[in-house]
Amino acid sequence: MGAAAAGAATTRAATLQEKMDAAGGPLALLRQPGPGPLPFPVKAEFTNWRDEQESWRRTAVLFDQSHHMADSTLEGADTLRLLSRVAVNSFAGFGPMKAKQLVVCNPDGQVIGDGVAFCLAENRVRVVGRAPIHSWLQYHAESGDYDISYRRDERTVRNRSGRELFRFQVNGPSAREILERVNGGPLPDIPFFTMGRFNVGPYEVTALNHRMSGFPGLEFWGPYEQCDGVREQLLEAGADLGLTQAGAKSYSTAAVESGWIAQITPAVYSGEALRPFREWLGADSFEANVNLAGSFVSDRVEEYYATPWDLGYGFIVKHDHDFIGAEALRRIAEEPHRQKAWLYWHRDDVVRIFASMCEQGGRRFKYLDMPAGWYGSMQYDAVEGSGGSLIGVSRSLAYSSNVRGWISLCMIDESSLEYGQEVQLVWGEPNGGSANPAVERHVQTRIRATLGRKPFSDATEGSSIRR
Amino acid sequence: MRSLQDRIDEAGGPLALLRLPRSGIFPFPIRSEFTNWRDEQESWYRSAVLFDQSEHMTDLTIEGADTHRLLSELAVNSFNGFGPAKAKQIVLCNHDGYVIGDAIAFCLGEHHVRIVGRPSAHNWIQFHAQTGGYDVTWRRDDRTVQNRSGARELFRFQVQGPNAQAILERVNGGPLPAIPFFTIGRLQVGRHELTALNHRMSGFPGLEMWGPYEHREEVREALLEAGAEYGLLQAGARAYASVATESGWIAGITPAIYSGERMRAYRQWVPAASFEANLILGGSFVSDRIEDYYLTPFDLGYGFMVKFDHDFVGREALERLATEPHRDKAWLYWQRDDVARVFASLYEQGDRRFKYIDMPAAWYSSMQFDRIERAGALIGLSTTAVYSSNARSFLSLCIIDSQERVNGAEVALVWGEPDGGSANLAVERHVQTRIRATIGDKPFADRTEGSSLRR
């Protein structure tokens, strides 16, 4: 069957399940040559990505999060009942002006997605994040027996009516001083993952103590029509304190430093229990249009799934409530886990990749884009220990001007995780590269790297590693 | 309305204006990549590429009895034989013979010429059309980022590469008419009849074609459908930015308008929000005279276009310059180990790193001039630098003193700006380094013919 015939079959598909069936299974779907990632709808660079990266460590950065994430709003008497049914988190003490990083799993205890849940009032929660958690929440809100209303505010590239809110973060050592200036006085005390209110000149905003970079600061939001006004106030107040706007290039690397694994493979593609969900989920959904990439290749989609422990969320799992996946997670809790760690890539091997661009034909290595080096929506590169055995996978990778080197976030078998150990990352795809249009023909190579902890651990506190 | 002259006066001179702390990179308003820029680059060499030029250039339409008189009094080119269905690359100079800009002039009918390119040529032509007492009307169709009307008048595509002919014959439903170099013809794409010029950014065989903007997506679809089995790839902004360095068109000319009393009236006419008032100078070549950034037609490889069969602005100066030593266009092939050293320096702390090399287009200013040295002496300027997947090398277009233009000679390119870097917002703090490079001819010269090298 030619590519045209396969294309015709997939365009007729209405749901994720139909699209998977037409492709010949979940892995075939996730390896189809697709259109590639949607553009991040913020300028690529405001100054240059090197200085923008350094701003969150040395001065202050302004992240504009108004566009790339979807928001779900849940309202009604059963809001917390629904959330606690789908999330591994405890809801003890959750209520207005509190937030938490929600993690939702399938019945086998594998993660479908995560997002930040903001409790804005009694029985009113707004969830912000990548698409998979929204699909899952909406599916349960609409198909379960809950007294609840569900509203979606889509990310800008799929939103025809305009966003409801702007969302900014100011992070970095100068963040407090800048925010005090625009507030016209000291900020209220806003503990980690707690909400509060302050002023940005004439605008009142609501804020959460949560930062992409892990460096001190706040996330805050308000009606979208105030977006430019708030931005102007911040930039004016922050000009002499080195406040720098982050463009799409630097933004995409902040989480690699701070340790949030963004590119979770939603654990929805297999298992009969999730078939009704896949039949509900549209063929144009995020889940039906992402792709797998990297040197780690398995013929079982489950190999790409992660448990909360693999992602560093083990501490979030609380059995004080009944939730989807609870039984499996009780069992998994006792089994060996993978653990989140950082790889620090060796300079000489990285330079070898760039030097290979002078090789003819397919003898070059996979191009390493900067600052973010991944080339698929879900990147998995094999990490090998001594003797070449697979000890884990490397996920998002980036050059960090703060570290002054390439780093990657990875998930390593607990029993093999030894900080300071030299390991090898297999860079590039087998057999010259997959059908992913972002992949030029190349050969694989091995990059030496050192296993380590989060960069600047002493200076940062990130949402993904703190309670 | 504030003018370019006002901006120069406020900044404290032309160089101060062109070195203001701002970002000189204009966003190219199409997707950065459709597949990946490596394969997109190789497509114009190995299969076929679709360039979308509908957004980034300005069009100026001149009509009326004096159309040819206006153009021939401004352009160095001869207008002998110019008329309907002909086009030419026009080059416009100031009174001292320095280039203000270049553009493609399409003769679409008697007394009807459309000028397409960077706005510096258009502004100069429009100024004379408005103030010079010519019997002409003019109409401007600004590039998308500065277009207030909300829509462009035309779409503009180029299809080129070894498979371009087969693809275009397929959409045309039969053999193409003979369209010689820089001549205009017609072809059919699906249900639309398009006008086409034999002119290509890459130099590889193909055509440029246009029609009403509202037909853009239908034409694109027809081309992509016909081209699928021939390896036709769309070029994104990243690959597009790199094509002219291979083919030899020097895009980042400094419009020679910022100095001299004879140009003052023009500077007072050019708006403060213009292209010219918002450019940025950068690179390792630094002079305190703006004129050192100007170039003659001879420097740019356009000497063959200068024809003294007519009177034009700059003629007298060019008659003199023609007999003086000048500089030649050439290509620099950067040495692999020195490029690798720049990437290795990304592991250095503080300011000890070298200037970041972006890929595929490596420049960080709208007008970038880097020093080329031999034995420590300045022998020329390097402009647009790119990585080319076709050449499998970094290369840059340069302008070298004639006597130094020796193929195979090793020279040093000074990479990065002095004193840690200028105020250009695209420049992080860094130190300079020298990259060894070899002087050479245009890549694939045997397989290409480019607008900038042929009559």
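Each value in this text was obtained by applying a stated rule to the coordinates, not by laboratory testing. None of these values were measured; they are calculated from a predicted model. Every residue, glycine among them, receives a Cβ derived from its backbone with ideal geometry; neighbour counts consider all protein chains shown.
The H on the amide N of residue B:103, modeled in the peptide plane, is under 5 Å from the matching H of B:90, each at least 5 residues off or on a different chain. The phi torsions of segment A:272-285, fed into the Karplus equation with coefficients 6.51, -1.76 and 1.60 and a -60° offset, translate into couplings of 5, 4, 9, 4, x, 5, 5, 7, 7, 7, x, 6, 9, 5 Hz, rounded to whole numbers, with Gly and Pro shown as x. Could you give the distance between the Cα centres of segment A:382-461 and segment B:1-65, to the whole Å? Between the Cα centres of segment A:382-461 and segment B:1-65 lies a distance of 38 Å.
Here segment A:283-425 is treated with +1 on each Lys and Arg Cβ and -1 on each Asp and Glu Cβ, and its dipole about the Cα centre works out to around 580 debye.
Among the listed pairs B:88/B:442; A:43/B:442; B:86/B:307; A:249/A:366, a Cα-Cα separation exceeding 23 Å is found for A:43/B:442.
For segment B:199-256 versus segment A:256-277, the inter-centroid distance based on Cα atoms is 39 Å. Ranking B:427, B:35, B:407 by Cα position along the charge dipole of chain B, where only Lys, Arg, Asp and Glu carry charges on their C-beta atoms, puts B:35 farthest toward the positive end.
In what sequence, highest mean first, do B:261-271, B:208-218 appear when ranked by Cβ atoms within 10 angstrom? All intermediate terms of the calculation are to be shown ahead of the outcome.
Working: B:261-271: 15.6, B:208-218: 17.5.
The packing order, highest mean first, is B:208-218, B:261-271.
Taking θ as phi - 60° and the Karplus parameters 6.51, -1.76 and 1.60, the scalar couplings of segment A:438-451 work out to 7, 10, 7, 5, 7, 10, 7, 9, 10, 10, 6, 8, 10, 6 Hz in sequence order, x denoting glycine and proline.
Counted by neighbouring Cβ atoms within 10 Å, the residues A:161, B:382 run from fewest to most as A:161, B:382.
Among A:322, A:458, what is the fewest-to-most ranking by other Cβ atoms within 10 Å? Please report the intermediate quantities before stating the final value.
On the way: A:322 9, A:458 5.
The most exposed by this proxy come first: A:458, A:322.
Remark: the protein assembly as shown carries a charge dipole of roughly 580 debye about the Cα centre, counting +1 on each Lys and Arg Cβ and -1 on each Asp and Glu Cβ. Our analysis of segment B:340-421 gives Rg over Rh at 0.97, with the two radii drawn from alpha carbon positions and Rh computed by the Kirkwood formula. For segment A:120-174, a Kirkwood radius taken over Cα pairs fed into Stokes-Einstein (4 °C, viscosity 1.567 mPa s) yields D = 95 µm²/s. Each peptide in A:297-309, A:147-159, A:398-410 gets a packing score, the mean of other Cβ atoms within 10 Å over its residues, and the list from highest to lowest is A:398-410, A:297-309, A:147-159.
Peptide A:437-444 is shielded by partner chain Cβ atoms: per residue, an average of 4 of them sit within 10 Å of its Cβ. Of the peptides A:222-234, A:385-397, the order by per-residue mean of other Cβ atoms within 10 Å, starting with the highest, comes out as A:385-397, A:222-234. Taking every DSSP bridge with both residues inside the protein assembly as shown, close to 95 percent are antiparallel.
For peptide A:308-318, the mean count of partner chain Cβ atoms within 10 Å of a residue's Cβ comes to 0. Of B:151, B:126, B:445, which is farthest along the charge dipole of chain B in the positive direction, counting Lys and Arg as +1 and Asp and Glu as -1 at C-beta? Farthest along the dipole direction, towards plus: B:445. As a length-normalised measure over Cα pairs under 8 Å and 6 or more apart, the relative contact order of segment B:383-449 settles at 28 percent.
Which shape class, rounded, prolate or oblate, goes with segment A:20-110 when its Cα gyration tensor gives a ≥ b ≥ c as root eigenvalues, a/c under 1.5 marks rounded, and past that a/b bigger than b/c marks prolate? The shape class here is oblate. Rounded to whole numbers, the Karplus 3J(HN,Hα) couplings from phi for segment B:368-378 are 10, 10, 10, 5, 10, 10, 10, 6, x, 9, 5 Hz, using 6.51 cos²θ - 1.76 cosθ + 1.60 with θ = phi - 60°, and x at Gly and Pro. Per-residue shielding of A:41-47, expressed as the average number of other chain Cβ atoms within 10 Å of the residue Cβ, stands at 3.
Under 5 Å from the amide H of residue B:299 lie the amide H atoms of B:327, each residue being 5 or more positions distant or on a separate chain, with H modelled from the backbone and absent for Pro and chain starts.
Could you work out the local net charge near residue A:166, counting Lys and Arg as +1, Asp and Glu as -1, over the other residues with Cβ closer than 14 Å to its Cβ?
On the way: positive: A:126, A:155, A:163, A:167, A:231; negative: A:64, A:71, A:153, A:164, A:204, A:219, A:225, A:228, A:232.
Surrounding charge for residue A:166 is -4.
Taking the fewest neighbouring Cβ atoms within 10 Å as the starting point, the ordered list for A:40, A:192 is A:192, A:40.
Here the scattering of the protein assembly as shown is modelled by Debye summation over its C-alpha atoms, one equal scatterer each and no solvent; at q = 0.06, 0.08, 0.10 Å⁻¹ the log10 of I(q)/I(0) is -0.46, -0.82, -1.23.
I need the shape label for segment B:1-154. Rule: rounded when a/c is under 1.5, else prolate if a/b > b/c, else oblate, with a, b, c from the alpha carbon gyration tensor. The shape class here is oblate.
The charge dipole of segment A:112-179, taken about its Cα centre with unit charges on the Cβ atoms of Lys, Arg (+1), Asp and Glu (-1) only, comes to about 380 debye. Quick one: which residues, 5+ away or cross-chain, put their amide H under 5 Å from the amide H of residue A:200? H built at 1.01 Å from N. For residue A:200, whose amide H was placed from the backbone, the distant partners under 5 Å are A:205.
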